[in-house]
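Here is the structure we will look at, set down as structure tokens.
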2 protein chains.
Amino acid sequence: MKKYIKVDEWKIIEEGFDPKNHLVSESLFSLGNGHMGQRANFEETYSGESLQGSYMAGVYYPDKTRVGWWKIGYPEYFAKVINSTNWIGLRLLFDGEELDLARVHVKDFTRILNMKEGYLERNFIALFSGGREVEVNAIRFLSIARPEIGVISYSIKPLNFSGNLKIILYLDGDVRNQDANYDEKFWVENHRTIDTAEAILTMRTKKLDFYLTSAMRCKIIQGNQPLSLSPLLHSKEKYLAYEFNLPMIQGERTSIEKYVANVTSRDYPVDSLENVGRLRVQEAFGIGYSSLLEEQREAWAKKWQDSDIVIEGDSEAQQGIRFNIFQLHQTYTGDDPRLNIGPKGFTGEKYGGSTYWDTEAYCLPFYLSTADSHIARNLLLYRYNHLEKAKENARKLGFKKGALYPMVTMNGEECHNEWEITFEEIHRNGAIAYAIYNYVHYTGDNAYLPQYGLEVLIEISRFWEERIQYTEHKGYVILGVTGPNEYENNVNNNWYTNRIAAWTLQYTLETLEFVRKEYPERYEEMMEKTKLREEETEKWKEMIEKMYYPVDENRGIFLQQDGFLDKELKTVDQLDPKERPINQHWSWDRILRSCYIKQADVLQGLFFLGDQYDLETKRRNFDFYEPMTVHESSLSPCVHSILASELGYKEKAYELYLRTARLDLENYNHDTEDGLHITSMAGTWMSVVMGFGGLRVRNGRLVLNPYTPDHWKGFSFKILFRGSRLKVTVTKEKVLLRNETETPADLLIFGNEYTIGAQGELEIALQQRTKAEI
Amino acid sequence: MKKYIKVDEWKIIEEGFDPKNHLVSESLFSLGNGHMGQRANFEETYSGESLQGSYMAGVYYPDKTRVGWWKIGYPEYFAKVINSTNWIGLRLLFDGEELDLARVHVKDFTRILNMKEGYLERNFIALFSGGREVEVNAIRFLSIARPEIGVISYSIKPLNFSGNLKIILYLDGDVRNQDANYDEKFWVENHRTIDTAEAILTMRTKKLDFYLTSAMRCKIIQGNQPLSLSPLLHSKEKYLAYEFNLPMIQGERTSIEKYVANVTSRDYPVDSLENVGRLRVQEAFGIGYSSLLEEQREAWAKKWQDSDIVIEGDSEAQQGIRFNIFQLHQTYTGDDPRLNIGPKGFTGEKYGGSTYWDTEAYCLPFYLSTADSHIARNLLLYRYNHLEKAKENARKLGFKKGALYPMVTMNGEECHNEWEITFEEIHRNGAIAYAIYNYVHYTGDNAYLPQYGLEVLIEISRFWEERIQYTEHKGYVILGVTGPNEYENNVNNNWYTNRIAAWTLQYTLETLEFVRKEYPERYEEMMEKTKLREEETEKWKEMIEKMYYPVDENRGIFLQQDGFLDKELKTVDQLDPKERPINQHWSWDRILRSCYIKQADVLQGLFFLGDQYDLETKRRNFDFYEPMTVHESSLSPCVHSILASELGYKEKAYELYLRTARLDLENYNHDTEDGLHITSMAGTWMSVVMGFGGLRVRNGRLVLNPYTPDHWKGFSFKILFRGSRLKVTVTKEKVLLRNETETPADLLIFGNEYTIGAQGELEIALQQRTKAEI
């Protein structure tokens, strides 16, 4: 596929219509507002290839598991965020001829995602038979201010003819998921009602009884005057529509405004849904398109104010990072602790919109630094609220105690069904513990520990205790796991897993001690609730002490797993480029016995626990593993880029940054049509702020060690930290810090301590980082 | 489930009808004749639970793969022997009331599988409303002499009433497989024709275009007189039937004879199928039921003459071994080299009737010793004919040369789709090489090597060459495999795999040398064809020499794989009986990291290559591994039993023999309803003949080391060996050998040499075996 997205610092632009790009564009130009998401499907009929996608956050379906060979412990279903009522749809017939971009000729086509203001726009001229031309302009957005509201303004102008126009505006609940395991439709109709003012369609999922009510109102405007037309009403199973028939005059614009409220039983009692939907759409309709769009601009301006990254001298990089930040904001707003961040957000069906360890390992830092801390806290509470399910999950796998969080989940139950992942990629439990540490460490919200964190830590530690085995000649070992590098399965003593397990035990012991001292009453409550015994904590101490870690003494590196050195050690540049990505060319056994690494594994540990390892250790491991890493997970380059920055490998850091920043815009992995790589977008943010910016938190203090990549003139980013908002601007020569709040901020920059007072500024010349500063 | 099969030395008997046993009985009482198989479904309507199964050997369907997560290299389909036209079906209505054993009361029910004569019989009295009683006797068989013919004789007698009888005899092609991946029906109708003499239904598979023509004739007899009734003809899509309406008189028997010929496009041109079917059924009809049954008796007498095992003093064991031998003969006759032996034969749908390494590893010895050598040869030719497919299979997995035979196949293409099996259980390639050795070694048919064997050996060796890797500190290693013990996956240096790989290289080199010397012309041809280069054979020599084998020097044992000693070593008796079989109670990761072994692995190698290891080595390994073995493969106990016999562990040998001999009759694995464990039945035969009988072949000579298990008075078996047939009778005191042929036989018994002349006899006192004799 050719690169076809135009470079612009605030917009994603497609010029000219090529159906071959359409599936990718449907992903790239997706809209979302945390409550719902919508792929960039055309509003009008399109008979070409398309992946229809309207998604409601948290409305999912337990799709019956499909598996070749069942294994004990596999889940019964895979929870999927599902394609819901098509609320954007309309049909336009010009003298009976339907507008369908797969059938008419199209010219002057542009599709623009306005990231600054949060809307999607299309402009084109459609050429009908007999040379009749119609100019179309379509704008839509999902309101940030009113998350249940979607608005479309669709205007047409016949350029060289007059005639009859038929407009049909519909709600269509007869939709399906392309990835349904057994071609099942997930929705049945619950109720529908239509009058000349409002059409209200309520659908219900076949299982779990989620209800979605879509309430539609519309307005037709000609020559700036709303017409008072009496539409024909269409009502059939799962479908409601208004039909308007009107004359159109050459050169005169007809505008259609469609307002839809999508409300669900997640938020309201079922029997009130119709009323709430009616109310919401009436409000929106009353406010009107222009004012709603103005609200939208303001809401996005606020988001950008807290989280924008500005890159000087590299428009592509600028566009890339803004696209990432934009999509992250569209996916998750943090207002609802029942929600989380799916790997594809609401931009496609793949991975079902469920939660992975991506959230804790890659997304949390973005929200910590760019949003109010209650948002990151809600991400943590999501797991806290699933603790009982995580215990059940451990029981299902035969563990007598402790909690094993699922690999993939919607409601806390495991959804994935590959034994090497579901049962063996248990390091995820460590990431969930680490996120607690990360959150508390960043925010200083120590009270989270007694209230929620400790209980989760105890149950995770109990899992480790039971899962870790003792062998005479090695000490405590962990057999049969898959590490973060999923290109090795069922290995023994994956260094990262052993390390994060021991770290969790250690952090749990520290937290126990902290809570015992600082919150003695709560401590007693927790001891009562968890029945934690001293034998358990004693055992944890022994396990920490005698944990076995595979190492290569000669190279001075940690070994990814016991058998790693039996492999033929080759570097990525020895691969035939025609065979890359290897996961699309090699059979699984070949991948498994090769040394090639999908994503950071040992290096993930050195990143998470960066303050425990010196720079030379990091360098030796990076130098050993990075050349074998194929980065075939979108989550891989960011961690490597951050470490490369830390090690002073500036070119490498920049190269890896580029792979992540424009991953979808360039469709590097040839899979953007499935949806966007939302969780890896947070990794891109990390590459800039933690990589080039060198952001860390040490002992409750911000640490910065910024530098400007050679390809840039400079860059700036903002971070929220314990009440202060800092704007950090980095040029080739200096770093400029501006405290935009009244709260003073203490920092360590290039190893020196500074305090920036309320609304204060600070300018420091760039310095090389030294070992001691890391 | 209670034990419900009555003990009888020649029959399998079920007394009393219990629907709960019916699915198991449908498997146990299955009929087959190599060309077709038929589960013991009732002829008459049965509305209770049933697994309908009529199978035609070699007629299969490529059922689209079902898999949760696709991996490169997975096959597109799983080839399944499919449920075909129901040709046994009939309906009986007594005064309008249908005979259906799920609805009427049943008394005096017996179901008998007559193994001596090869037919299935049922007798019962059905009680209809108003106390009306009908006595039923039904016999059916699949002709050994005429493999396309199935015959049913079904007779009824109203005991206490007269009335009207409606008989409907049908062919029904509207059948499905219960295990179809997507509930698809595999057959469409091709053509049907019916007149008062014959009904002929031709079905075609939706894919691959297999045609099955079923031609039916029938006869109704009352009072020993065939009636000349003009039946009503029924014809609808996929269905043909004759309907007879006749009076029945109290106490008078009505007999129905149904003759069906099932002919397929595997054997005849499509356009001749109807004619062939008509001809075959006319022949059979002309010969008549009684004479056909007499043919059947004779054919089975011949089979038993060559292969019977007689056990004195243990009727259960006698019944068990005969059941196994009977089912093996029903499954595979060896006349068609396109066919092979499915793990369930034609007794169920599970495993699809495809070919596994079971054939080479477990079934070959039975056919070598009990049937003409062309039959074993046909089993080998099956693989020879698939050589090109095996090369393709290796290419699909990225190998540049060599052949990898599939794990599961129908036509030479791989069908299985679990990466840890499909891609990693590569030891199967070794079993296919070993079978060549085994066959040539047993039969002395050295000419097989230049003609067929060598080429297969070269291509398998080439595969090993590419698959084996070199590492500095260990030498040649094989990473990422699954051994015969499938309870370990993706391990490094599975001893059995390394050993069988090196053995294959060695045997290939020896065979090359043999062919070069003995068949120089053919050698040149093969060199030309295979382009074998000296670098390759040199490399093989180096690999044999420097192959790495994991061992535990302290225990003096071979290690199942590199990491085996990291496991917690426990014995089976430490398992909670409630958790057995572990594969029905434990999640896969738990199984994998446990030490528990599914089936012989290291011990499989010590069995295959028994002449290369001394008794003490075998003992140490047996003593180490057997206590950890859960025998959750039906193929496991036999190898252990044979080794136990060799080691003098008589009680153990007997205990393990019992597990295999009556596996299905006792339904030990709770899965007999899925079908019988056909391939493991050959293992049972091995337990007796190679275990208790101590049969081996060394340097072209038969070796026997028999003993009688304590629980038996004695036993006898027959073996064909290079033209002679020996009957070996073992008592508590002595072994009696009788040469039933004109060909003298050389033997080594208890280490002493003997020759038994034409029709000669030999009697020897039993002796303890000594080390030197093994």
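The values are calculated or read from the model by the stated rules, or taken from the named source; none is laboratory data. As the structure is a computational prediction, the values presented were derived from the model and not from experiment. Virtual Cβ from ideal backbone geometry, glycine too; neighbours counted across all protein chains shown. We work out accessible area using only protein heavy atoms, side chains counted, and drop any ligands, DNA or RNA first. Shrake-Rupley method; radii C 1.70, N 1.55, O 1.52, S 1.80 Å.
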Original post:
Restricted to the stretch A:420-456, and to residues that are closer than 20 Å to A:Met690 by Cα and hydroxyl-bearing (Ser, Thr, Tyr), which residue is nearest to the other protein chains (Cβ to nearest Cβ)?
Top reply: A:Tyr434
Original post:
Out of all the residues in the stretch A:294-316, which are part of a helix (DSSP H, G or I) and farther than 18 Å from A:Gly32 by Cα?
Top reply: A:Gln305, A:Asp306, A:Ser315, A:Glu316
Original post:
So which pairs qualify, if the first residue must be in the stretch A:583-607 and more than 9 Å from chain B (Cβ to nearest Cβ), the second must be buried (at least 24 other Cβ atoms within 10 Å of the Cβ) and assigned to a strand (DSSP E or B), the Cβ gap must be under 7 Å, and the two must be at least 6 apart or on different chains?
Top reply: A:Ile597/A:Thr629; A:Val602/A:Phe558
**OP:** Given the conditions (1) of a type in the set (A, V, I, L, M, F, W, C); (2) open to solvent by less than 30 Å² (accessible area, probe 1.4 Å); (3) more than 14 Å from chain B (Cβ to nearest Cβ); (4) more than 29 Å from the chain's Cα centre (by Cα), report the number of the one that A:Leu575 does not fulfil.
**Re:** (3)
Original post:
Does A:Glu626 satisfy being surrounded by 19 or more Cβ atoms within 10 Å (Cβ to Cβ), more than 14 Å from chain B (Cβ to nearest Cβ) and not hydrophobic (A, V, I, L, M, F, W, C)?
Top reply: yes
**OP:** Mind listing just one residue for me: the one in the stretch A:369-398 that is outside any helix (DSSP H, G or I) and more than 30 Å from A:Lys71 (Cβ to Cβ) and, of those, most open to solvent (accessible area, probe 1.4 Å)?
**Re:** A:Asp372
Original post:
Among (1) more than 19 Å from B:Phe42 (Cβ to Cβ); (2) in contact with a helix residue (DSSP H, G or I) (Cβ under 9 Å, 6 or more places away or on another chain); (3) β-branched (Val, Ile, Thr), which single condition is B:Val270 missing?
Top reply: (2)
**OP:** Out of B:Tyr259, B:Tyr268, report the one residue that is more than 19 Å from B:Arg140 (Cβ to Cβ), within 29 Å of the chain's Cα centre (by Cα) and either open to solvent by 30 Å² or more (accessible area, probe 1.4 Å) or not aliphatic (A, V, I, L, M) (or both).
**Re:** B:Tyr268
**OP:** Filter the stretch A:535-555 for residues that are assigned to a helix (DSSP H, G or I) and open to solvent by less than 60 Å² (accessible area, probe 1.4 Å) and give the result.
**Re:** A:Glu536, A:Thr537, A:Trp540, A:Met543, A:Ile544
Original post:
Restricting attention to the stretch B:468-481, does a residue exist that is more than 14 Å from chain A (Cβ to nearest Cβ), of a type outside the set (Lys, Arg) and more than 23 Å from A:Asn489 (Cα to Cα)?
Top reply: no
Subject >> Selection from the stretch B:292-318 of residues that are within 21 Å of B:Ile139 (Cα to Cα) and open to solvent by less than 10 Å² (accessible area, probe 1.4 Å) >> reply: B:Leu292, B:Gln296, B:Trp300
**OP:** Among what's in the stretch A:349-364 and is among the aromatic types (Phe, Trp, Tyr) and assigned to a helix (DSSP H, G or I), pick the residue that is surrounded by the fewest Cβ atoms within 10 Å (Cβ to Cβ).
**Re:** A:Tyr351
**OP:** With respect to B:Tyr519, determine if the residue is in contact with a helix residue (DSSP H, G or I) (Cβ under 9 Å, 6 or more places away or on another chain) and either closer than 30 Å to B:Arg593 by Cα or open to solvent by less than 70 Å² (accessible area, probe 1.4 Å) (or both).
**Re:** no
Subject >> Qualifying strands (runs of 3 or more DSSP E) (wholly inside the stretch A:71-119; at least 2 residues being within 14 Å of another protein chain (Cβ to nearest Cβ) and either under 30 Å from A:Val310 (Cα atoms) or touching a strand residue (DSSP E or B) at 6+ places or on another chain (Cβ under 6 Å) (or both)) >> reply: A:77-83
Original post:
List, please: which pairs have Cβ atoms under 7 Å, are six or more places apart or on different chains, and start with a residue in the stretch B:500-514 that is at positive phi and end with one that is open to solvent by 10 Å² or more (accessible area, probe 1.4 Å) and modelled with pLDDT of 95 or more?
Top reply: none
Subject >> Residue match in the stretch B:657-667 (condition: open to solvent by 20 Å² or more (accessible area, probe 1.4 Å), free of Cβ contacts under 8 Å to residues at least 60 places away in the same chain, assigned to a helix (DSSP H, G or I) and over 17 Å from B:Phe323 (Cα atoms)) >> reply: no
Original post:
Which one of B:Thr497, B:Thr504, B:Thr508 is assigned to a helix (DSSP H, G or I), within 13 Å of chain A (Cβ to nearest Cβ) and within 21 Å of B:Leu609 (Cα to Cα)?
Top reply: B:Thr497
Original post:
Does A:Ile194 satisfy being at pLDDT 95 or above and surrounded by fewer than 20 Cβ atoms within 10 Å (Cβ to Cβ)?
Top reply: yes
Subject >> Qualifying residue in the stretch B:77-90 (condition: aromatic (Phe, Trp, Tyr), under 20 Å from B:Gly342 (Cβ atoms) and open to solvent by 10 Å² or more (accessible area, probe 1.4 Å)) >> reply: yes
Original post:
If you take the residues of the stretch B:702-737 that are farther than 15 Å from B:Leu762 by Cβ and out of contact with any helix residue (DSSP H, G or I) (no Cβ under 9 Å at 6 or more places or on another chain), which of them is most open to solvent (accessible area, probe 1.4 Å)?
Top reply: B:Lys713
Original post:
Could you count how many residues in the stretch B:678-701 are in contact (Cβ under 8 Å) with a residue 60 or more places away in the chain and open to solvent by less than 20 Å² (accessible area, probe 1.4 Å)?
Top reply: 14
Original post:
Given the conditions (1) buried (at least 20 other Cβ atoms within 10 Å of the Cβ); (2) within 20 Å of the chain's Cα centre (by Cα), and given that A:Asn411 satisfies all but one, which numbered condition is not satisfied?
Top reply: (1)
Subject >> Boolean, A:Glu148 is in contact (Cβ under 8 Å) with a residue 40 or more places away in the chain and more than 28 Å from the chain's Cα centre (by Cα) >> reply: no
**OP:** Examine the stretch B:135-145 for a residue that is modelled with pLDDT of 95 or more, away from chain A (no Cβ under 14 Å), surrounded by 19 or more Cβ atoms within 10 Å (Cβ to Cβ) and over 22 Å from B:Ala261 (Cα atoms), and state whether such a residue exists.
**Re:** yes
Subject >> Residue check for A:Ile749: more than 25 Å from A:Asn324 (Cα to Cα), crowded, with 17+ Cβ neighbours inside 10 Å and either in contact with a His (Cβ under 6 Å, 6 or more places away or on another chain) or β-branched (Val, Ile, Thr) (or both) >> reply: yes
Subject >> Residue in the stretch A:669-676 that is hydrophobic (A, V, I, L, M, F, W, C), crowded, with 20+ Cβ neighbours inside 10 Å and touching a strand residue (DSSP E or B) at 6+ places or on another chain (Cβ under 7 Å) present >> reply: no
**OP:** Identify, from the list B:Gln469, B:Gln451, B:Gln506, the residue that is open to solvent by 10 Å² or more (accessible area, probe 1.4 Å) and either among the acidic types (Asp, Glu) or closer than 25 Å to B:Leu592 by Cα (or both).
**Re:** B:Gln469
